[in-house]
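A.B. asks: Shown below is the structure under consideration.
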Amino acid sequence: MRTACSQIAWGIGLTLFDFRINGFDLLPDVLGFILILIGLANLPDRQRGFGIAMAAAAVMLALSIAELAGAMPATVTISQSDRSYSLSALSAIGLSTLCMLALLYGLCEGFARTAASIDRMEAARSFRAVWHLSLAMSVIMLFVLPFGLNGIGFLSIVTLLAGLGQFAAGIWLIVLVRRFGREYAATALRE
């Protein structure tokens, strides 16, 4: 479990951090989604949420490959909020955001149920809190993104703040997954 959690945490980290030079992503999301899929496949506990996360990660892997191949618009980042996007580009970005939400839900729900099954209720509550924060920030982002990216005043600031909230939720999830992997391993050693 510890190795699987580490793989998932590294995968989340690779998808979370977006370092681009002239449009080229130095940390391609493809690698992150592959790590997430490997980690999910190696989990000993088969919660329903992990199945949802695995399906969403597979879709996100396909979308990331399409983005690398140039068949899909690049992911929106906070630093790119000055560009105008067409309706088709915004639709692709919206689909990507919804798939990422499904991935986050699956991970958070799967880990929350696993934590509850070994009587780690505080960890279960923390995973659910990450999910609620991610959901709130994503709903805000999906609503204001079309307006904020096309330069409608204060909505650009709301888009920026929602993006920062999503980033904070991602960091929190990485920390929780790593910590849970260690706790689960320690619990298994005691038994």
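Every number in this text was worked out from the coordinates using simple rules, so none of it is lab data. Here the structure is a predicted model, which means the values were calculated and not measured. Cβ atoms come from the backbone with ideal geometry, glycine included; neighbour counts cover every protein chain shown.
A.B. asks: Only counting other Cβ atoms within 10 Å, I'd like C99, C5, C108 sorted with the fewest neighbours first.
C.D. replies: Neighbour counts put them in this order, fewest first: C99, C5, C108.
A.B. asks: At a 10 Å Cβ-Cβ cut-off, how would you order W172, W10, W131, fewest neighbours first? Before the final figure, lay out each step's value.
C.D. replies: Details: W172 16, W10 19, W131 22.
Fewest-to-most Cβ neighbours within 10 Å comes out as W172, W10, W131.
A.B. asks: Now for a different question. Testing the spin-label approximation: label points 7 Å from Cα along Cα→Cβ at D119 and L161. State their distance in nm.
C.D. replies: Output for this residue pair reads 4.3 nm.
A.B. asks: Starting from the Cα of A55, step 7 Å along the direction of its Cβ; do the same at A168; then give the gap between the two resulting points in nm.
C.D. replies: 3.2
A.B. asks: While we're on this one: Tell me, what HN-Hα J-couplings in whole Hz come from the Karplus equation 6.51 cos²θ - 1.76 cosθ + 1.60 at θ = phi - 60° for each residue of the stretch 169-179, using x for Gly and Pro?
C.D. replies: 5, x, 4, 4, 5, 4, 4, 5, 5, 4, 5
A.B. asks: Can you sort R128, R179 from fewest to most other Cβ atoms within 10 Å of each residue's own Cβ? List each step's numbers first, then the result.
C.D. replies: Working: R128 17, R179 14.
Result, fewest neighbours first: R179, R128.
A.B. asks: I need the phi-derived Karplus couplings for the stretch 114-120: 6.51 cos²θ - 1.76 cosθ + 1.60, θ = phi - 60°, integer Hz, Gly and Pro marked x.
C.D. replies: Running phi through 6.51 cos²θ - 1.76 cosθ + 1.60 with θ = phi - 60° gives 5, 4, 5, 5, 10, 6, 10 Hz.
A.B. asks: Within the set of other residues whose C-beta is less than 12 Å from the C-beta of H132, count the net charge using Lys and Arg as +1 and Asp and Glu as -1.
C.D. replies: Values: positive: R125, R128; negative: E109.
That sum, taken over residues with Cβ under 12 Å, equals +1.
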